[in-house]
Amino acid sequence: MVGNGFVFLDHTADVLVEAYGSDLREAFENAAKAMFEVMTDISAVKPVVRKYIVVEGEDLQALLYSWLEELLFIFDVELIVFSKFKVKEIRRVDGKGYLLMADAWGERFNPDVHPRKTEVKAVTYSLMEIREYADRCVVRFVLDI
C-alpha cells in the first residue's frame, strides 16, 4: 500500500480507485482525496475554505456514493477543490441506514494554481467494494471520466 492512502488501479475506460485507512472513516477520507487527485494536484490546494458535509445512505456503499457525489456536486456548483477531509462520524441510524458527518477543506478552483487533470463526471457503483478488517478498511469504486 502507498503512503497517500489510495492507489489507482487498471481500468479500461474510467478510473478505478482503491482507498484505505486504519478504519472506515479514514478510508472514506482517502477516497475523497483520490477523487480530487484525479481532477487536480491536491498538494497545490490550500485548505482555506471549510465545508460541513452531512450525507446519508441506506448501506455503506450508498453512503460512500453519497459522500463522493456531494463533494463532486460542491465542486461543480461552487468550483471548490478540496484537499483535506475529516470524517467525524459514520453511524448506523435505526431504520434509515447510515449517516456521515465530515468537514472538507479546500479553495476555489484557479486554473493558474490548480492544474486541470481529468474531469470526473460521476461516481459509480461499478466494482464498488467496502472491506473492513481488524486493522484496516479498504474501499474500491469507479469514477466515470
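The values are calculated or read from the model by the stated rules, or taken from the named source; none is laboratory data. Just so it is clear, the structure is predicted and the values come from calculations on it, not from any experiment. As a convention, Cβ positions derive from the backbone with ideal geometry for all residues, glycine included, and neighbour counts pool all protein chains shown.
Tabulated data for the structure shown
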| item | result |
| --- | --- |
| Search result, residues across segment 22-69 that are touching a residue at least 60 places away in the same chain (Cβ under 8 Å), part of a loop (DSSP other than H, G, I, E, B) and either aromatic (Phe, Trp, Tyr) or farther than 19 Å from residue 119 by Cα (or both) | 22, 23, 46, 47 |
| Residues of segment 81-94 classified as crowded, with 18+ Cβ neighbours inside 10 Å and touching a Leu at 6+ places or on another chain (Cβ under 9 Å), total | 4 |
| Flag for residue 111 being without any contact (Cβ under 8 Å) to a residue 24 or more places away in the chain, in a loop (DSSP other than H, G, I, E, B) and not β-branched (Val, Ile, Thr) | yes |
| Total residues in segment 28-64, condition surrounded by fewer than 16 Cβ atoms within 10 Å (Cβ to Cβ) and among the small types (Gly, Ala, Ser) | 2 |
| Matching residues in segment 77-108 - criterion: being of a type in the set (A, V, I, L, M) and in a strand (DSSP E or B) | 80, 81, 87, 90, 93, 99, 100, 101, 102, 104 |
| Residue tally, condition surrounded by fewer than 14 Cβ atoms within 10 Å (Cβ to Cβ), farther than 18 Å from residue 27 by Cα and acidic (Asp, Glu), over segment 99-137 | 2 |
| Candidates 96, 86, 117 - the one that is touching a residue at least 12 places away in the same chain (Cβ under 8 Å) and more than 23 Å from residue 140 (Cα to Cα) | 96 |
| Residues satisfying the stated conditions in segment 94-145, i.e. closer than 17 Å to residue 19 by Cα and polar (S, T, N, Q) | 124, 126 |
| Out of 33, 51, sole residue that is under 12 Å from the mean Cα position of the chain (by Cα), charged (D, E, K, R) and either over 18 Å from residue 102 (Cα atoms) or at pLDDT 95 or above (or both) | 33 |
